[in-house]
Amino acid sequence: MDILIMVGQLLLGLTILVGLHELGHMLTAKWFGMRVEKYAIGFPPKVFSKKIGETEYMVGAIPLGGFVKITGMVDESLDTEALKKDPEPYEFRAKPAWQRLIVMMGGIIVNVITGIVIFIALNYYYGETYLPASEVKYGVQPNQLGQELGFQPGDKIVALNGRPLENFNDVYSMDMLLDRGSYYTVERNGSQVDIPIPADFMDRMADNKERMVFIQPREPFMVGQVEPNSNADKAGLKAGDYIKSVNGESTLFFSDFQAAMQKYAGKPVNIEVERNDEIVALKATVNEDGTLGFYQKPLLEYATRDFSLGESIPRGTNQAFGVITANLKGFGKIFRGEVSASKSLSGPIGIAQIFGDTFNWYKFWSITGMLSMVLAFMNFLPIPALDGGHVVFLTYEMISGRKPSDNFLENAQKVGMVLLLGLMAFAIFNDVFKIIF
C-alpha cells in the first residue's frame, strides 16, 4: 500500500505537469494557425484517444512524459517524410521564427506560471506554520552527520551567515546548504562558535538516510494518540503521559527517546512515565523498527502566520523562482566537482520517495509546484530534443537570418534523444543503486 501511495502521487503530479506543459505548446501552436496532429499525455501503447477536429487527443500507457505533434516540425517522432515537400501555410516550418520561438517556449512558460500559482495558493490557503527560533530553548540534537559538521548536543543556533535566526526552518534552507561560504553561528557554553558548511556537504547528506534532519530541536514531549493494540497500548501508555526514562536512561527530549528506541529495537524495556504528578513503572517491548506505537505531542510552541492574497503573490513568486535558483546553484556545485552527479540526480523512483508513503495535500502540491519549476528549468537547457535546444536554433535563426537545414535539425534531434534516453537510464539505475546500497 505504501508503494502504491508513492507511485500514485508521482503519476498524478507528472500527469498534471506534463499535461499542462504540452497544453502550452498546443495552444500557442493553434494560436498561430499551426496544425496540431496529436496531443498526448504518456507514451504509447495507446490507452485512449479521441479525435476532435484536426487533433487526436491521446492517453498513453507509459505515464512518464507526453508530447505534441505539430505538422512540419522535427520532433521526437522523427517523421521527416513530410519535410521533403514544400511547406504548407499551416506547418510549423512555414511560420516566422518569432512565432515558432513562442510555441517552443509555450510549455516552459506554462510550467513557470503553474509553479507560481501553486506556491501563491499554498501561502494564501495554508499560511505558514513554523518554529520560532526563540522556542528552541534547549538547543539542538545533531545526528552523526550533524556532529561531523561540528554541532554538539545543546548548541543554540543564533545566526545564519551572520543574520539573526528567527525561523528555525531556515536552518535547512537550500540557500544555506548550497551557497558557498555559508556558516551557522551557535551559542555554546556562554560563547559563540561559527560552524562552516563544507562544499561537499550535499554529497554527505545524500549518503545519510536521515538527510535533512542532520540537526533537530531538542524537544520536550508527551504521549499523544496511542495506536490500539500496539505495544504502547499493551504496555499501558496513555495520552498525556510524560516518558521520563527508558531502562534508566533519561528521555526528557524526543530525540533521546528515539535514540533509546533504536538502541533497544526488538527488546523488552522498562519505562518510567509521569502521570498525574505520579511516577508509574511500565514494561514494554520495542518494535523491530524502533517504535512503540504512539504519536508524540511536541511541547514547543509552533507559530502560524496567515497571508493575504497581496502578501501571497510576491511570497509565492519568490518561492517558485527560488527553486530555479537552487537548481542553478546545484549545477554549479556539480560542475565545480563539489558534489557528484550520481548523488544529486534522482529519477522517477527517487521522486516518488520524495512524495512519501502518506498522502497530504499540502505536501503533494508543494512538491508538484517544485517539480513544475524544475521541469521548466530542465526543459530550458540547451540540449537538442528539449525545448531549450529548439530555442537555441531559433534564436540563431533570428539573429543570423539563416535557418538551420532540416537535415541538421533531424540529426541534432537524434543526438538529443540519445542523450536524454541515456540520462533517464542513468537516473533510474542510480535510484535502484541507492535503494540497494
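The values are calculated or read from the model by the stated rules, or taken from the named source; none is laboratory data. Note that the coordinates shown come from a computational prediction; the quantities given were computed from them, not determined experimentally. So basically every Cβ, Gly included, is an ideal-geometry build from the backbone, and we count neighbours across all protein chains shown. These area figures cover heavy atoms from the full protein model, side chains too; ligands, DNA and RNA do not enter into them. Shrake-Rupley method; radii C 1.70, N 1.55, O 1.52, S 1.80 Å.
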Looking at the range 25-57 only, could you name the residues that are surrounded by fewer than 16 Cβ atoms within 10 Å (Cβ to Cβ) and small (Gly, Ala, Ser)? Gly33, Ser49, Gly53
Tell me, which strands (runs of 3 or more DSSP E) wholly within the range 106-222 include 1 or more residues that are touching a Ser or Thr at 6+ places or on another chain (Cβ under 8 Å), modelled with pLDDT of 95 or more and not acidic (Asp, Glu)? 156-160, 191-196
Take the range 143-156 and flag every residue that is open to solvent by 10 Å² or more (accessible area, probe 1.4 Å) and either touching a helix residue (DSSP H, G or I) at 6+ places or on another chain (Cβ under 8 Å) or of a type in the set (Lys, Arg) (or both). Glu148, Leu149, Lys156
Kindly provide the set of residues from the range 284-326 that are out of contact with any Gly (no Cβ under 7 Å at 6 or more places or on another chain), closer than 15 Å to Phe257 by Cα and in a strand (DSSP E or B), ordered by number. Ala284, Thr285, Pro298
So, first residue modelled with pLDDT of 85 or more in the range 352-372, second residue open to solvent by less than 80 Å² (accessible area, probe 1.4 Å) and not in a helix (DSSP H, G or I), Cβ within less than 8 Å, six or more apart or across chains; the pairs are Lys363/Gly356
Take the range 150-169 and flag every residue that is at negative phi and touching a strand residue (DSSP E or B) at 6+ places or on another chain (Cβ under 6 Å). Phe151, Pro153, Asp155, Lys156, Ile157, Val158, Ala159, Leu165, Asn167, Asn169
For the range 332-343, check the following and say yes or no: at least one residue is among the polar types (S, T, N, Q) and either assigned to a loop (DSSP other than H, G, I, E, B) or open to solvent by less than 40 Å² (accessible area, probe 1.4 Å) (or both). yes
Of everything in the range 58-94, what is open to solvent by less than 30 Å² (accessible area, probe 1.4 Å), touching a Phe, Trp or Tyr at 6+ places or on another chain (Cβ under 8 Å) and either at pLDDT below 80 or not in a strand (DSSP E or B) (or both)? Give them in sequence order. Thr71, Gly72, Met73, Asp75
Give me a count of the residues in the range 251-272 that are open to solvent by less than 60 Å² (accessible area, probe 1.4 Å), closer than 14 Å to Phe221 by Cα and either modelled with pLDDT of 95 or more or of a type in the set (S, T, N, Q) (or both). 2
Check the range 290-297 and report whether any residue there is surrounded by fewer than 13 Cβ atoms within 10 Å (Cβ to Cβ) and more than 24 Å from the chain's Cα centre (by Cα). yes
Residues in the range 232-250: is at least one small (Gly, Ala, Ser), in a helix (DSSP H, G or I) and either open to solvent by less than 70 Å² (accessible area, probe 1.4 Å) or under 30 Å from Ser134 (Cα atoms) (or both)? yes
Determine the pairs where a residue that is within 13 Å of Tyr130 (Cα to Cα), located within the range 160-173, has a partner that is open to solvent by less than 40 Å² (accessible area, probe 1.4 Å) and assigned to a helix (DSSP H, G or I) with Cβ atoms under 8 Å apart, the partner being 6 or more residues away or on another chain. Leu165/Ala133; Leu165/Val171; Glu166/Ala133; Asn167/Ala133; Phe168/Ala133; Phe168/Glu135; Asp170/Met176
Only one of Lys267, Lys283 is among the basic types (Lys, Arg) and touching a helix residue (DSSP H, G or I) at 6+ places or on another chain (Cβ under 9 Å); which? Lys283
